[in-house]
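Here, each number is a calculation from the coordinates, and none is a lab measurement. Keep in mind it's a predicted model, so treat the numbers as computed, not measured. Cβ placement follows ideal geometry from the backbone for every residue including glycine, while neighbour counts extend to all protein chains displayed.
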Amino acid sequence: MPINMQYEYALPTIEALLFKTGAYTYEVIYPELLHNGTTPYICRNLKKRVVDFSTSPPSWGSESSIDVETPSGFTNPITPDNGILGYNFETDEILLGLGEWDGTSAHLSTTSAKLLAIKRDFSAVNVIQSDLFALAQTAVTDAARIAYYIQFYGYGGKIAGILELFSDSGSANERSCIITYDGATWTAIHANTRYDYAQQGIEPIWGASDNFLGWLTRGHGTNSHFISYPALSVTAGSPGGLFTTEPIYDPINHQVIWIEWGAETGATQHVWTADPTDPFTATDVTPTGTKTDNEGHTIDLNVDCKASGSIFSDGTNNWLVLRVFDNPDRLFFRAMKVTLGSYNNANAWDIIADPSGNDDFLIYGSVRAINPTDKLFLPSPLFIVSSGIF
């Protein structure tokens, strides 16, 4: 049976960054997402609240806001599907990719996209890359549009990011693109030495001594990459599998957790763990077994898809939280947790329900918690769920 969460609090978003500001306090920064009847990803403001976990239930402070529409120059700015936010550890800025909505699509699909840097104290917004599409075309000459995914993270004066590109030529239209900034020059890389399947997210990683190593990408069709720091060299690889391989950095155990999602009936959707210093050499810890939700659906832990992972801790429980869904029909999506380090133990997996017992929702976007002083990821004391299929 699903386990019930203790608390809930409504935010108009699917994703957030948390910044630890005290023993029990965090700034929660999130894109306010607006549904215009066609797309739920219109974003005109970045929002912030302070949450204090010293009380039960946690107390939430008043909302503050900063306009990102005006500095973007877009009439209807649209965010990526997920992986919406990134962070520059050097400049203490939120990194947000926005595009101009094309007027018809339910998702980001544009040739006009920019990268914004928003000071964490909401004192300023700057456009730090004004034409991501033109930049991408310097490496991917047949790119026709950016769609679905844009995400960037910065560290030590360097920035790395991804764009999902599509071409209108050839039998396969995905194009793999990585963007780097070395402190002076922006560079686009056609990251297709392995495959040309698209990049869909980016994850900073550290070693066991909290030394920053670089960034891993979420790669469609196992086309993941490692971008090294500080050299910004790009290496393709995969922990295994057949489908989208998504890396999550576990700051508690100093591991990379890989999860997988795809679209083939009966195919295993894996979980792996790896040392961050050798992230593509991974140990298969995929579970077997089933769980049943409150509606009677049977979730097969071996073959159902696993995506949108975050590391959660409330001081007692240390979990990987993620969304799990069936393939290929995608008839249901559920939020799930698994105890860190126990991935191949079916008893360590559970469906998550809200305080009233409702489990008919999903985790769609990720949450990352950050220590801005030490420039590290932390486990997050909260995660975000969305009602139904977002």
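Things worth noting here:
- Rounded, prolate or oblate (a/c below 1.5 giving rounded, otherwise prolate when a/b exceeds b/c) for the stretch 1-71 by Cα gyration tensor: oblate
- Modelled spin labels at Ile3 and Ile252, positioned 7 Å past Cα toward Cβ, are 1.0 nm from each other.
- Extension gain (nm, one decimal) between Asp210 and Thr316, 0.36 nm per residue minus Cα-Cα: 35.9 nm
- Counted charge near Gly154, where neighbours are those whose Cβ lies closer than 15 Å (Asp, Glu -1; Lys, Arg +1): 0
- Relative contact order computed over the stretch 215-370 (Cα-Cα under 8 Å; 6+ residues apart), in percent: 15 percent
- Highest to lowest packing among 172-178, 206-212, scored as the average C-beta count within 10 Å: 172-178, 206-212
- The stretch 158-178 and the stretch 89-139: distance between their alpha carbon centers, rounded to Å: 16 Å
- For the chain, lysine pairs separated by 8 or more sequence positions, or belonging to different chains, with Cα-Cα distances below 21 Å total 15.
- The stretch 174-276: radius of gyration and largest Cα-Cα distance (Dmax), Å: 13.8, 48
- Cα gyration tensor, the stretch 76-116 - rounded (a/c under 1.5), prolate or oblate: prolate
- Our coupling estimate for the stretch 319-324, obtained by passing each phi through the Karplus curve with A = 6.51, B = -1.76, C = 1.60 and θ = phi - 60°, is 10, 8, 9, 6, 9, 10 Hz, Gly and Pro reported as x.
- Rel. contact order, % - alpha carbon contacts under 8 angstrom, at least six apart, the stretch 128-282: 14 percent
- Value at 222 nm in deg cm²/dmol, rounded to 500, when DSSP H runs of n ≥ 4 in the chain each add -39,500 (n - 2.57): -500 deg cm²/dmol
- Report note on the peptides 299-310, 271-282: ranked by the mean count of other C-beta atoms within 10 Å, highest first, their order is 299-310, 271-282.
- Calculated FRET value between Trp60 and Asp284, using beta carbons and R₀ = 41 Å, to 0.05: 0.50
- Surrounding net charge for Ala113, when Lys and Arg each add one and Asp and Glu each subtract one, Cβ distance under 15 Å: -3
- Whole-Hz ³J(HN,Hα) from phi, Karplus 6.51 cos²θ - 1.76 cosθ + 1.60, for the stretch 262-276, glycine and proline x: x, 8, 10, 4, x, 7, 5, 10, 7, 10, 10, 10, 8, 6, x
- In the stretch 64-156, Cα pairs under 8 Å separated by at least six residues give a relative contact order of 32 percent.
- Cα gyration tensor category, rounded, prolate or oblate, for the chain with a/c compared to 1.5: rounded
- Relative to the compact-globule estimate of 2.2 N^0.38 Å, the Cα radius of gyration of the stretch 45-123 comes out at 1.30.
- Size descriptor for the stretch 282-370, Kirkwood hydrodynamic radius: 13.5 Å (Cα pairs only, one decimal).
- Gain upon complete extension [Asn294, Ser342; 0.36 nm per residue less C-alpha separation]: 14.9 nm
- Spacing of the two label points (7 Å from each Cα toward its C-beta) at Asp360 and Tyr24, in nm: 3.6 nm
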